[in-house]
Structures are given as structure tokens and as C-alpha cells.
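In what follows, a structure is listed as C-alpha cells, so that the remarks can point back to it.
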């Protein structure tokens, strides 16, 4: 079974099903369905939930608390490794990339040897 690293922008789409300006909602919902049906596994960077919560709070503040509760209930596995975090900080600084994006990429590369997919 493949392990996926799912970007916060994809997770946000799970809760914006009716948004006309969001692209690829159907693909995001297919990923959610695969996750719910145990077709894929995920490993998320430590910051994924606050990142999703920030966007949902900005776009749909009236639903933010429910969305956060639902996401917590999913109990998605998180990589909480200080070595990964430190390497991501160094790479973000070196390449002038956003730390959050660097954490997604680094986590993906860390587990790529095990048939991972970054979405």
C-alpha cells in the first residue's frame, strides 16, 4: 500500500466542496475516499493541521471548529521527528522556500523508498 503525504491545500478542498473557485475538488475527494476506505496510508508533517485550520478559519470561519474536530478524529499519522524538522529548516533557508512546503517535500523524500506519493 502506498503512503501519501497530503498537502494542506488538498485537505482544505475536502471541506470546500461547493467552492466555485477551487480547482480539482473532485480529485481531493477521491483521495479522501481512498483514505476512508483504507486504500492508501498517509504520513503528515507536524504542521499540517494548523495550516489547514488557518485556511478554513479564514475561508469558512463558521465551520472551523467542526472541521478541526473532524480532522483530529481522523488521527492521521504525523512525523514529529526533530531531525526532519531541523533539516527542513536548513533547506528552507538555503533554497529560500517556505518551511511548510519544505517539510512536505522532505517528508515525501524521506519515505519515497517505500512507494510514497506527495499530493
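Rounded to the nearest 500, the 222 nm mean residue ellipticity of the chain from helices alone is -17500 deg cm²/dmol, with -39,500 (n - 2.57) taken per DSSP H run of at least 4 residues. Decide, for the stretch 3-118, between rounded, prolate and oblate: order the square roots of the alpha carbon gyration tensor eigenvalues as a ≥ b ≥ c, take rounded if a/c falls under 1.5, and otherwise choose prolate if a/b is larger than b/c, else oblate. It is prolate, given that a/c is not under 1.5 and a/b is the larger ratio. Helix 82-95 and the longest principal axis of the C-alpha atoms of the chain enclose an angle of approximately 90°. Among 109, 47, 98, the largest mean-square fluctuation in a Gaussian network model of the chain (Cα springs under 10 Å) belongs to 98.
If I fit a long axis through the Cα atoms of helix 25-36 and take the longest principal axis of the Cα atoms of the chain, what angle between them do I get, 0 to 90°, rounded to 10? The helix 25-36 is inclined about 80 degrees to the chain.
As I understand it, the value is the acute angle between the Cα axis of helix 48-59 and the longest principal axis of the Cα atoms of the chain; what does it come to in degrees, rounded to 10? Roughly 40 degrees, rounded to the nearest 10.
Each reported figure results from applying straightforward, stated rules to the coordinates on display, with no laboratory input. These figures come from a predicted structure and were not determined experimentally.
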